Amino acid sequence: MPEPGAQRRSPQGVPYADLQHIVNADGLHLFCRYWEPKGPPRALVYVAHGAGEHCGPYNDIAQKLKELSLLVFAHDHVGHGQSEGDRMNIKDFQVYIRDSLQHIDQMKARHPNLPVFIVGHSMGGAISILTACERPGDFAGVALIAPMVQMNPDSATPFKVFLAKVLNHMLPSLSLGSIESKWVSRDKKQVEAYDADELNFHGGMRVSFGMQLMGAAARIEQQIPSITWPFLLLHGDADKLCDIRGSKMMFDMAPSADKKLKVYEGGYHALHHDLPEVAESVLKEVTSWITERLPATPPQQSS
């Protein structure tokens, strides 16, 4: 008898029996990646990818952290990449946070006593913030690359928000147009790679999904005055996809004693894939920020 779920296949047709995965609380299979150091890990790092993409493009950051003896792990969010679920649509944004905590808890059970960090980009930044807010004492730090903290005022004017709410009742699956890849990076090669990546979602964003993002931004705004965990914010001032004003607001208003904001002049949205010198700086910032917050002696692993 085949095990239950053995016949389940990814959206690309690969049996989940052949893929690393977790099964979430709704019974959906989520594709996972793990970057494990050779020796005992000094910390765990969970990576949360952005809307419409997947965790594959975080290989550069993950490899760098792995070389520093950190165990990095990630999954494709529901409806993204090689995971199950309706493409880039979610009944409730909280599902992303719940699934993140499930994966983090699994890794913590395997590696008790290790500090846990989160790295999040774009919508993954919003997921990271809300995940850390749910368990504020659990995380040693959160590194955010162009996080979605506020909706872009150009796309979320009061009239458009009102219109979106009306449309959400009448036509929730109406498309609002797709993410314009030219704003992802100033590096043409990176834009071409983004466009050519079949695991990225290249369709339009539904009104219902837009409403979930707006709801997440509103929740973050409420939570910011209570954020005390350490965080790093990296944002390009020419980012047209996630407004830098959100990062500035978070930096100014969060009472955390350990916080840093670095602004990249002219930087676009995916700073880790922007011009080579910017991508390199982001890699350095994230890795040094995390390693500076590691305990001096590696914690004892209980067997």
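Against the numbered list (1) more than 16 Å from the chain's Cα centre (by Cα); (2) in contact (Cβ under 8 Å) with a residue 12 or more places away in the chain, Val95 comes up short only at (1).
Filter the range 228-269 for residues that are of a type in the set (D, E, K, R) and in contact (Cβ under 8 Å) with a residue 40 or more places away in the chain and give the result.
Kept after step one, since they are of a type in the set (D, E, K, R), are these residues of the range 228-269: 237, 239-240, 243, 245, 248, 252, 258-260, 262, 265.
Residues satisfying the conditions are Asp239, Lys240, Asp243, Arg245, Asp258.
Among the residues making up the range 42-89, those that are over 16 Å from the mean Cα position of the chain (by Cα) and either free of Cβ contacts under 8 Å to residues at least 24 places away in the same chain or over 24 Å from Asn24 (Cβ atoms) (or both) are Arg42, Ala43, Gln63, Lys64, Leu65, Lys66, Glu67, Leu68, Ser69, Leu70, Asp86. The set of residues in the range 42-61 that are closer than 19 Å to Gln106 by Cα and surrounded by fewer than 22 Cβ atoms within 10 Å (Cβ to Cβ) comprises Arg42, Leu44. Among the residues of the range 80-103, those identified as assigned to a helix (DSSP H, G or I) and not hydrophobic (A, V, I, L, M, F, W, C) are Gln94, Tyr96, Arg98, Asp99, Ser100, Gln102, His103. For the residues Gln63, Gln106, the requirement of being within 29 Å of Val278 (Cβ to Cβ), polar (S, T, N, Q) and assigned to a helix (DSSP H, G or I) singles out Gln63. The listed residues are Phe93, Phe117, and the only one of them that is crowded, with 24+ Cβ neighbours inside 10 Å, aromatic (Phe, Trp, Tyr) and in contact with a helix residue (DSSP H, G or I) (Cβ under 7 Å, 6 or more places away or on another chain) turns out to be Phe117. Residues in the range 122-147 that are out of contact with any helix residue (DSSP H, G or I) (no Cβ under 7 Å at 6 or more places or on another chain), surrounded by 24 or more Cβ atoms within 10 Å (Cβ to Cβ) and either without any contact (Cβ under 8 Å) to a residue 40 or more places away in the chain or not aliphatic (A, V, I, L, M) (or both): Ser122, Gly124, Gly125, Ser128. All of Asp258, Asp239, Asp243 fail the test of being in contact with a Phe, Trp or Tyr (Cβ under 8 Å, 6 or more places away or on another chain) and crowded, with 19+ Cβ neighbours inside 10 Å, apart from Asp239. Apart from one condition, His77 fits all of (1) in contact with a strand residue (DSSP E or B) (Cβ under 9 Å, 6 or more places away or on another chain); (2) more than 18 Å from Ser128 (Cβ to Cβ); (3) part of a loop (DSSP other than H, G, I, E, B); the exception is (2).
Quick grid of which residues meet (1) of a type outside the set (A, V, I, L, M, F, W, C); (2) at pLDDT 95 or above:
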| position | (1), (2) |
| --- | --- |
| Met107 | no, yes |
| Val119 | no, yes |
| Glu134 | yes, yes |
| Asp138 | yes, yes |
| Met148 | no, yes |
| Ile179 | no, no |
| Trp183 | no, no |
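Yes/no matrix, rows are residues, columns are (1) buried (at least 24 other Cβ atoms within 10 Å of the Cβ); (2) modelled with pLDDT of 95 or more; (3) under 21 Å from Glu285 (Cβ atoms):
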{"residue": "Pro37", "(1), (2), (3)": "no, yes, yes"}
{"residue": "Gln63", "(1), (2), (3)": "no, yes, yes"}
{"residue": "Leu70", "(1), (2), (3)": "yes, yes, yes"}
{"residue": "Gly79", "(1), (2), (3)": "no, yes, no"}
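Counting only residues that are farther than 17 Å from Met107 by Cβ and out of contact with any Asp or Glu (no Cβ under 7 Å at 6 or more places or on another chain), the range 27-38 holds 2 of them.
When the range 81-105 is limited to residues that are β-branched (Val, Ile, Thr) and out of contact with any strand residue (DSSP E or B) (no Cβ under 7 Å at 6 or more places or on another chain), the one that is modelled with the lowest pLDDT turns out to be Ile90. The residues of the range 98-111 that are surrounded by fewer than 22 Cβ atoms within 10 Å (Cβ to Cβ) and free of Cβ contacts under 8 Å to residues at least 60 places away in the same chain, listed by number, are Leu101, Asp105, Ala109, Arg110.
The values are calculated or read from the model by the stated rules, or taken from the named source; none is laboratory data. As the structure is a computational prediction, the values presented were derived from the model and not from experiment. Counting neighbours? That spans all protein chains shown, and the Cβs are built from the backbone with ideal geometry, glycine included.
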